[in-house]
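Undergrad: Structure provided below as structure tokens; questions to follow.
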Amino acid sequence: MQAYLTLTRRELASFFVSMTGYVIIAGALFLMGLSFVVLLVKLQSEPTPMPLTELFYSTPFFWLILLLASPVITMRLFALEKFSGTFETLMTTPVSDLQVVLAKFTAAMMFYVLMWLPLLGCIFILRHYTTDPGALDVGAIGTTYLGILLLGGLFMSLGCFASALTRSQIIAAMISFAAGITLFLLSFLGNQISVDAGWQMQVLNHLTMFDHMLDFARGIVDTRHVVFYVSLTIWFLFLTLRVVESRRWK
């Protein structure tokens with residue numbers, strides 16, 4: 001357990017000893033600021049019954065942050081260590097492969113959560129100036145962050161897997177970005193399919209991240225969505241572990 005915590009602290013600190021972490025947070029802050037402006041413009045033009053969390057989610061900036069930031073956060077996790085030659089040194093220390101994978105995933109998730117914290121500031125500013133105390137529902141804010149956390153788990157684990165496959169951070173980021181875009185497009189495709197289509201399309205229809213996140217933004221927690229994201233996250237972490245273990249087969 002101590003080795004896992006030490007590795008997690010080391011990985012998390014590495015985001016802040018280089019410019020990468022600051023650039024990611026600055027980019028995310030910029031896009032959140034733009035979404036905040038769009039949100040204010042919508043609220044000034046006409047009244048809406050939609051929760052503010054759903055209004056924020058309906059802007060494209062949410063998906064831009066998720067799709068662009070995730071590959072950059074995860075690309076260095078394994079690829080940089082392999083490129084610099086420190087990966088073999090790390091694996092000779094008394095830590096298990098599972099501890100290494102979990103520590104890197106946990107550090108990426110902690111940085112991902114830190115990246116989204118400024119959104120709370122935007123919400124509190126809106127709450128301070130709004131004349132309707134019921135406009136911001138604490139439950140909906142909590143479920144929105146739960147959705148952001150679950151989506152982050154999926155994309156961070158996918159990024160870990162991509163980073164474990166290569167020594168190049170650029171290639172890792174491209175693999176992660178391509179896989180993320182594919183999931184995004186499949187969600188878009190599934191959202192356009194009629195419920196009367198075949199079973200393959202029915203399955204695709206259940207993979208729509210748009211609808212999942214829409215439910216979370218409305219304050220609805222569907223256990224099917226939670227199971228979906230947790231299962232995929234565990235699956236990609238399992239694949240990452242198998243890739244890390246594969247060095248013994250060479």
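Undergrad: What is the sum of charges, Lys and Arg at +1 and Asp and Glu at -1, for the other residues whose Cβ falls under 15 Å from the Cβ of Leu5?
TA: On the way: positive: Arg9, Arg10, Lys104; negative: Glu11.
Net local charge, Leu5 excluded: +2.
Undergrad: For a quick check of understanding: with a 1.4 angstrom probe and all protein chains in place, what accessible area in square angstrom does Glu81 have, to the nearest ten?
TA: In the full protein context, Glu81 sits at about 10 Å².
Undergrad: If you take the beta carbon distance between Arg10 and Phe210 as r and set R0 to 30 Å, what does 1/(1 + (r/R0)^6) give as a FRET efficiency, to the nearest 0.05?
TA: Taking R0 as 30 Å, the efficiency between Arg10 and Phe210 is 0.25.
Undergrad: Which value in nm describes the separation of the simple spin-label points at His128 and Val17, placed 7 Å from the Cα toward the beta carbon?
TA: 3.7 nm
Undergrad: May I have the pair-distance distribution P(r) for region 77-178, computed from all Cα-Cα distances with 10 Å bins from 0 and rounded to whole percent?
TA: Answer for region 77-178: a P(r) of 14, 34, 25, 16, 10, 3, 0 percent.
Undergrad: Taking 0.36 nm per residue of sequence separation and subtracting the Cα-Cα distance, how much length would be gained by fully extending the chain between Asp97 and Ile171, in nm to one decimal?
TA: Details: separation 74, 0.36 × 74 = 26.64 nm, distance 2.27 nm.
So the chain would gain 24.4 nm between Asp97 and Ile171.
The values are calculated or read from the model by the stated rules, or taken from the named source; none is laboratory data. Source: prediction; values computed, not measured. A quick note on method: Cβ atoms are made from the backbone with ideal geometry, for glycine too, and the neighbour counts reach across all protein chains shown. The area values use the complete protein model at the heavy-atom level, side chains included, leaving out ligands, DNA and RNA. Shrake-Rupley method; radii C 1.70, N 1.55, O 1.52, S 1.80 Å.
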